[in-house]
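Nothing in this text is a laboratory measurement; each read-out follows from the coordinates by a stated rule. Since this is a predicted model, take the numbers as computed values, not measurements. No Cβ is skipped: glycine too gets one built from the backbone with ideal geometry, and neighbour counts run over all protein chains shown.
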Amino acid sequence: MGHYLLTGAGFSYNWGGWLASEAFEYLLGAPEIDTELRDLLWRTKEAGGGFEDALAILQVENASHPSAQSQERLDKLVGAIVGMLNLMSNSMEQRPFEAHNNLQGSVIEFLLKFDAVFTLNQDTLLEHHYAPHVMLRSQNRLLGFECPGTVPAGPAPLAFNPNQQYTAMRFPEPNGRFVVSPRYQPYFKLHGSRNYVNGPTGSRIIIMGGNKADEIPRNPLLAWYMSEFERSINGPGAKLMVIGYSFGDKHINDAISTAVGRGMKLFIIDPAGVDVIDKRKPVPIKTPDHYVTQVGPAIIGASRRRLLNIFNEDKVEWTKVMMFFQ
């Protein structure tokens, strides 16, 4: 039996991270965004999308009709997004991670219970606040935390800083041998990270936009991450806790659906509770939703409470969440 965690933007939101709507509003004022890009952002919003849809449009445009102008437009938006992630990560790193010092309700103790952590986020919240504590707080059950398949870019700093070890720029393993180290808790960033760069080109390893399922297989590191996610949640007796993911990525939803068909169980922490998986528009009479029908019976619990409240003052809800590990 394996216990796994998948986090989305709603997880980082607890420490000041932005949701997609807030990211859109930041980008409107970002210095890289000119009038043309601002108009594109508004058009995608009016069409019911967000900044990732604007990015997808520029990605398709540059791939189908490459030019200096299309590359420049794409680079500007990507630069603004990376700047946003850097600002957000730096801000979150200045905030306390734990709401208090009660180990029974500790977020760190909670995270240590998972065999692997998967995330769709590209910030470095856990690398900064959580990674340095893994070995000591696990009482030497674990040797540490790792971002598997990656190595620090450049020489190690003269003064060892466990936070900097993970938040500094990282390259994929140059030999392409991606493995999880024994007795290390792996942290798989399924869509890349603000501090992941391709060694030869220096380009950021960040997957956004509407073509994630097509882009991931083109990057060996992220393709391996996705395969590890699928392998883990399809294992015997697998349980997946999902925190702050809005079920908006088809490739992730499909992987979860397949695993449910093989027996995986699911627990959700989200302000919408179990309703987060239901993407039907509100209408007087709802027709059955295939995803809800398929995945719903595998849900073994949910919480609509704010994560930091659960691990601070809400002992009843904390008890419900901890039942996931039984």
In nm, spacing of pseudo-spin labels at residue 320 and residue 95 (7 Å Cα→C-beta vector): 2.3 nm
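If you add up the charges near residue 197, with Lys and Arg at +1 and Asp and Glu at -1, over every other residue whose beta carbon is less than 14 angstrom from its beta carbon, what do you get?
Working: positive: 170, 189, 194, 204; negative: 173.
Residues close to residue 197 contribute a combined charge of +3.
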14 Å tail of the calculated P(r), region 20-92, as % of Cα pairs: 58 percent
Mind ranking 64-71, 11-18, 124-131 by how tightly packed they are, going by the mean number of other C-beta atoms within 10 angstrom, highest first? 124-131, 11-18, 64-71
List the aspartates and glutamates whose Cα sits under 16 Å from the Cα of residue 189, skipping any in the same chain fewer than 8 residues away. 115, 123, 127, 146, 173, 215, 228, 230, 249
Cα-centred dipole magnitude for the chain, charges only on beta-carbon of K, R (+1) and D, E (-1), debye, nearest 20: 920 debye
Give the calculated FRET efficiency between residue 61 and residue 22 to the nearest 0.05, with a Förster radius of 41 Å applied to their Cβ-Cβ distance. 0.95
At 7 Å along Cα-to-Cβ for each site, give me the label-to-label distance between residue 201 and residue 294 in nm. 3.2 nm
Given the options 54, 134, 238, identify the residue whose Cα lies farthest towards the positive end of the charge dipole of the chain (+1 on Cβ of Lys, Arg; -1 on Cβ of Asp, Glu). 238
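Find how much the distance from residue 68 to residue 250 grows on full extension, using 0.36 nm per residue of separation minus their present alpha carbon separation; answer in nm with one decimal.
On the way: separation 182, 0.36 × 182 = 65.52 nm, distance 3.17 nm.
Extending this stretch completely gives an extra 62.4 nm.
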Could you name the lysines in cross-link range of residue 320, using Cα to Cα under 23 Å and dropping any fewer than eight places away on the same chain? 113, 239, 265
Pull up all non-local amide H partners of residue 170: gap of 5 or more, or a different chain, and H-to-H distance under 5 Å with H placed in the peptide plane. 153, 196, 197
On full extension of the chain, what length is gained from residue 47 through residue 75, given 0.36 nm per residue of separation minus the C-alpha to C-alpha distance? 7.8 nm
